[in-house]
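Notes for the one structure printed next.
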Amino acid sequence: MSVRRGEAMTARELARVLGVSQSAVSRAFTPGASISPDMRERILAAADKHGYRPNVIASILSTRRSNIVAILISDLQNPFYFGLIEKLTRALQAVGQQSLLFNVTPGSDVGRQLVALRQYHVDAIIVVSATVLSGATLARATEGRRAVLVNRLDDGAGLTSVCCDNVAGARAIADHFYALGRRRAAYVAGLPNTSTNLERRHSFVGRLAELGMVLTRVVDGGAYTYDAGRRAALEIARETQTDAIFFANDILAAGGLDALRDEAGLSVPGEIAVAGFDDIAMADWSHYSLTTYRQPIDEMVAIAIREVMAPAAERATVATHRLAGELVVRRSAR
C-alpha cells in the first residue's frame, strides 16, 4: 500500500500495512496501555520506517485526555522548587504524563493564565506553593480536574495537600537550639501569610515558650530571597542580643549567614547559631554548612503523582498528607 505524496501516513494506513487493528497502533504510542512488548516494538519500528507520527490533537479530541499535567508555581526564585519541579517532571514522565509549567507571578494577569489551562486541555493540576492564588481561585481553576497542593495547605479550595510536617520541623529546631545552650532566639519569615510560614512560626514560637526561652524578634522578610535574609539578619544583629536565629527557609538563612559573618562581624555559631528549613543543595556547601530541616521531597513527589493519577472514582476524596522530615545538623548550629 502506498501513501499519497506529501501527506502524512495515518494510523489507519499504518495498521493496514502491518495487518493489525488501528487500536493496536494507538496503544503502541500510549504509555502504560495494554500491548505486548513485541507488538509495540514492531509498530514503533514500522512507524519510524514509514514516517508515521501520532496526531496528538486528534487524540485529545477523541479521548478527551491530553496526558498533560499543569504545574502552577509563583516562587521560582526559591532554589527549593528547582529540585522539586525536576523530580515532579521526571516522575510524571515515568507514568506517561508530560508537564506544562505555569509561572503565576505577583502582578500578572492570573485570569489569563487560568484560561490557558482550559486551552491546553490539561488532565490534572499540581499547585506548587502558588501563593498568589487564593483558595477560591484555585477551586475555579481546577474545574473538576484532579488537583493537588504541594508544600501548601488547603485554604478553602477543597483540594488534597502534600506537605512536610512544618510543626515538627520548627519544634525540632527550637529543641536543637535549647540543647546547644541558646536561650534568646529570633525568627525570620519570608512571605508572612503563607501556610508553611505560619505553621513554622507559630510552632517555633510556641516551643520557645514551652522551653522557657526568650523570643527576641520576629522579622517578616517579605520574600524567600537571599537579600531578604541578609536584611533581616542585620536588623536582628543591630537591635537585639540574640544567640540563635531560625530562618523560614535555606535561601533566607544563606543571606543571613553572610550578613552576620561579613557585615555584622559575628562568629557563627560561636556568638549566634543559625538554622534554616528545606535542605537545598547550597545548605551543604562548605561555605554555609547550614543546619536545617530536610523536606522529604521524594516521598512528597510520590504521593502527589499517586493523587493526580488516582482513578475517577476516588476523585471526591480530599486528604492532607503531612510527612516527617529530618533535622540535619551542620556547622552553623553545632
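Within the range 80-97, track down each residue that is closer than 14 Å to ILE126 by Cα and among the small types (Gly, Ala, Ser).
ALA91, the sole residue that qualifies.
Only one residue in ASP258, ASP175 is among the charged types (D, E, K, R), within 16 Å of ARG331 (Cβ to Cβ) and either buried (at least 20 other Cβ atoms within 10 Å of the Cβ) or under 28 Å from the mean Cα position of the chain (by Cα) (or both). Which one?
ASP258 is the lone residue from the list that is among the charged types (D, E, K, R), within 16 Å of ARG331 (Cβ to Cβ) and either buried (at least 20 other Cβ atoms within 10 Å of the Cβ) or under 28 Å from the mean Cα position of the chain (by Cα) (or both).
Mind listing whichever residues of the range 261-281 are over 21 Å from the mean Cα position of the chain (by Cα) and in a loop (DSSP other than H, G, I, E, B)?
ALA264, GLY265, LEU266, SER267, VAL268, PRO269, GLY270, GLU271, ILE272
Checking the condition in the same structural domain as ASP75 (by TED's automatic domain parsing) and surrounded by fewer than 20 Cβ atoms within 10 Å (Cβ to Cβ), which residue from GLY158, GLY181, GLY212, GLY222 passes?
Only one candidate qualifies: GLY158.
Restricting to the range 195-244, name every residue that is among the small types (Gly, Ala, Ser) and assigned to a helix (DSSP H, G or I).
Matches in the range 195-244: SER195, SER203, GLY206, ALA209, ALA228, GLY229, ALA232, ALA233, ALA237.
Tell me whether the range 231-245 contains one or more residues that are touching a residue at least 60 places away in the same chain (Cβ under 8 Å) and either aliphatic (A, V, I, L, M) or closer than 21 Å to ALA324 by Cβ (or both).
Yes, because at least one residue in the range 231-245 is touching a residue at least 60 places away in the same chain (Cβ under 8 Å) and either aliphatic (A, V, I, L, M) or closer than 21 Å to ALA324 by Cβ (or both).
Does LEU198 qualify as being at pLDDT below 95, among the hydrophobic types (A, V, I, L, M, F, W, C) and within 25 Å of LEU76 (Cα to Cα)?
When the stated conditions are applied, LEU198 passes them.
Residue by residue through the range 31-77, note down the ones that are β-branched (Val, Ile, Thr) and modelled with pLDDT of 70 or more.
The answer is ILE35, ILE43, ILE68, VAL69, ILE71, ILE73.
Please specify each residue of the range 290-326 satisfying the condition of being touching a Lys or Arg at 6+ places or on another chain (Cβ under 8 Å), at pLDDT 95 or above and crowded, with 17+ Cβ neighbours inside 10 Å.
LEU290, THR291, THR292, ILE297, VAL301, GLY325
Could you pull out the residue among THR105, THR131, THR89 that is at pLDDT 80 or above and either surrounded by 12 or more Cβ atoms within 10 Å (Cβ to Cβ) or not assigned by TED's automatic domain parsing to the domain that holds SER26 (or both)?
THR89
Is there a residue in the range 246-256 that is assigned to a helix (DSSP H, G or I), in contact with a Ser or Thr (Cβ under 6 Å, 6 or more places away or on another chain) and at pLDDT 95 or above?
yes
Among the residues of the range 277-289 satisfying the criterion of being among the small types (Gly, Ala, Ser) and touching a residue at least 40 places away in the same chain (Cβ under 8 Å), which is surrounded by the most Cβ atoms within 10 Å (Cβ to Cβ)?
That would be ALA283.
I'd like to verify a number: residues in the range 162-179 that are touching a helix residue (DSSP H, G or I) at 6+ places or on another chain (Cβ under 6 Å) and closer than 17 Å to ASP298 by Cα, how many?
Number satisfying all stated conditions: 2.
Do the conditions hold for THR240, that is, is it of a type in the set (Ser, Thr, Tyr) and touching an Asp or Glu at 6+ places or on another chain (Cβ under 9 Å)?
Taking the combined requirement at face value, the residue does not satisfy it.
Can you pull out the residues in the range 282-307 that are among the hydrophobic types (A, V, I, L, M, F, W, C), part of a helix (DSSP H, G or I) and out of contact with any Phe, Trp or Tyr (no Cβ under 9 Å at 6 or more places or on another chain)?
ALA283, MET300, VAL301, ALA302, ILE303, ALA304, ILE305
The values are calculated or read from the model by the stated rules, or taken from the named source; none is laboratory data. What you see is a predicted model, and the numbers here were worked out from it, not measured in a lab. Note that we place each Cβ from the backbone using ideal geometry, even for glycine, and neighbour counts take in every protein chain shown.
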